[in-house]
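The values are calculated or read from the model by the stated rules, or taken from the named source; none is laboratory data. This is a predicted model, so every value here is computed, not measured. Glycine gets a Cβ as well: all are built from the backbone with ideal geometry, and neighbour counts include every protein chain shown.
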Amino acid sequence: MTELAYLAEIKDAYVRTFRAHVVALPPGGVVLDRTYFYPTGGGQPSDRGSLSLGDGGRLDVVDVSKSGSSVVHRVKGPAQVLSRLVVGAEVEGSIDWHRRHVHMRLHSAQHLLSARIFARTGRRTRKATMAGNRAVLDLDGAIPPELLVPLSDDLTAALESPRDVSVHHVPRAEWDRNPSSERSGLVPLPALVDPVRVVEISGLDVCPCGGTHVRSTVELGRVTLAGPVPLPDGGSRIELRLDASDEPGPSG
Ligand SMILES: [Zn+2]
């Protein structure tokens, strides 16, 4: 079992290096007792980075995935370093910060966009997928193309008048009574999820999510929207792209 250390508080998404112990070595992979590496899931790609051994050896982390209650860090490196990796060893994990921060920005921008689409049209996001510097949102119905301008303005407003983003862990019964669950209520949360980890963009959105997020909307930077493209089942697709020339550093 791996403790998902990046989940606890919003600040934990900003941890770039950490120490942990090896608890298992499946073929090509390393399981740690705790990790700040985000494993692929919820539409968000995994982190990358490296694991350093106490003796100076270093392995690249090329993929991270969940396997039951464990997180498997898929590693590549020299055979002599791999052979020195043993259960019980202490390692230092180091996260590729550029990639992590792009995912934090994309995921938070996606929450905000989904919230604004719901507020303006009642359409819910049934799926969101992030890759590279883009997020793709699949909505549960059509939206008028002219809506892209006011949606873009909504995102700019959140950049110019920044909102805090925070993480809370809410008892399930409380979450089910929360009217904010309406926006994200398309796919029922599995009954086992209790407490619910909710990501809140102050005054704008509350959404259950296990992803990594920025702590302020000022970190989103400029984004460009494209679409909507109709989907065969009556839904529609909107794309959000981070402006590559506009890369704000972490706030605070
Ligand atoms: Zn999310």
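Table for the structure above
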{"item": "Unique match (being farther than 30 Å from Val193 by Cα and either aromatic (Phe, Trp, Tyr) or in contact with a helix residue (DSSP H, G or I) (Cβ under 9 Å, 6 or more places away or on another chain) (or both)) among Leu155, Leu112, Leu85", "result": "Leu155"}
{"item": "Strands (runs of 3 or more DSSP E) lying entirely in region 80-146 (those with 3 or more residues that are within 15 Å of the chain's Cα centre (by Cα))", "result": "125-131, 134-139"}
{"item": "Residue count, region 137-176 (criterion: without any contact (Cβ under 8 Å) to a residue 12 or more places away in the chain and either within 13 Å of Ser202 (Cα to Cα) or β-branched (Val, Ile, Thr) (or both))", "result": "2"}
{"item": "Looking only at region 39-79, and only at residues there that are of a type in the set (Lys, Arg) and within 18 Å of the chain's Cα centre (by Cα), the one that is nearest to the ligand (Cβ to nearest atom)", "result": "Lys66"}
{"item": "First in region 207-230 and within 14 Å of Tyr14 (Cβ to Cβ) and among the basic types (Lys, Arg), second anywhere and modelled with pLDDT under 95 and more than 9 Å from the ligand (Cβ to nearest atom), Cβ under 9 Å, 6 or more apart", "result": "Arg215/Pro250; Arg215/Ser251; Arg215/Gly252"}
{"item": "Strands (runs of 3 or more DSSP E) (entirely within region 153-247) containing at least 1 residues that are away from the ligand (no atom under 16 Å from the Cβ)", "result": "223-230, 236-242"}
{"item": "Any chance His111 is touching a Cys at 6+ places or on another chain (Cβ under 7 Å) and either within 16 Å of the ligand (Cβ to nearest atom) or modelled with pLDDT of 95 or more (or both)", "result": "yes"}
{"item": "Gln44 being of a type in the set (S, T, N, Q) and free of Cβ contacts under 8 Å to residues at least 24 places away in the same chain", "result": "no"}
{"item": "Subset of region 205-241 [among the hydrophobic types (A, V, I, L, M, F, W, C) and buried (at least 17 other Cβ atoms within 10 Å of the Cβ)]", "result": "Val206, Cys207, Cys209, Val214, Val218, Leu220, Val223, Leu225, Ile238, Leu240"}
{"item": "Where Ser83 falls short, out of the listed (1) of a type outside the set (Lys, Arg); (2) within 16 Å of the ligand (Cβ to nearest atom); (3) at pLDDT below 95", "result": "(2)"}
{"item": "Residue count for region 51-66, restricted to those that are within 17 Å of Asp96 (Cα to Cα) and among the basic types (Lys, Arg)", "result": "1"}
{"item": "Count of region 86-108 residues which are hydrophobic (A, V, I, L, M, F, W, C) and within 16 Å of the ligand (Cβ to nearest atom)", "result": "3"}
{"item": "Qualifying residues in region 1-37 (those that are polar (S, T, N, Q) and buried (at least 19 other Cβ atoms within 10 Å of the Cβ)) - the one modelled with the lowest pLDDT", "result": "Thr2"}
{"item": "Options Arg183, Arg134: the member that is in contact with a Phe, Trp or Tyr (Cβ under 7 Å, 6 or more places away or on another chain), in contact (Cβ under 8 Å) with a residue 24 or more places away in the chain, within 23 Å of Pro228 (Cα to Cα) and not hydrophobic (A, V, I, L, M, F, W, C)", "result": "Arg183"}
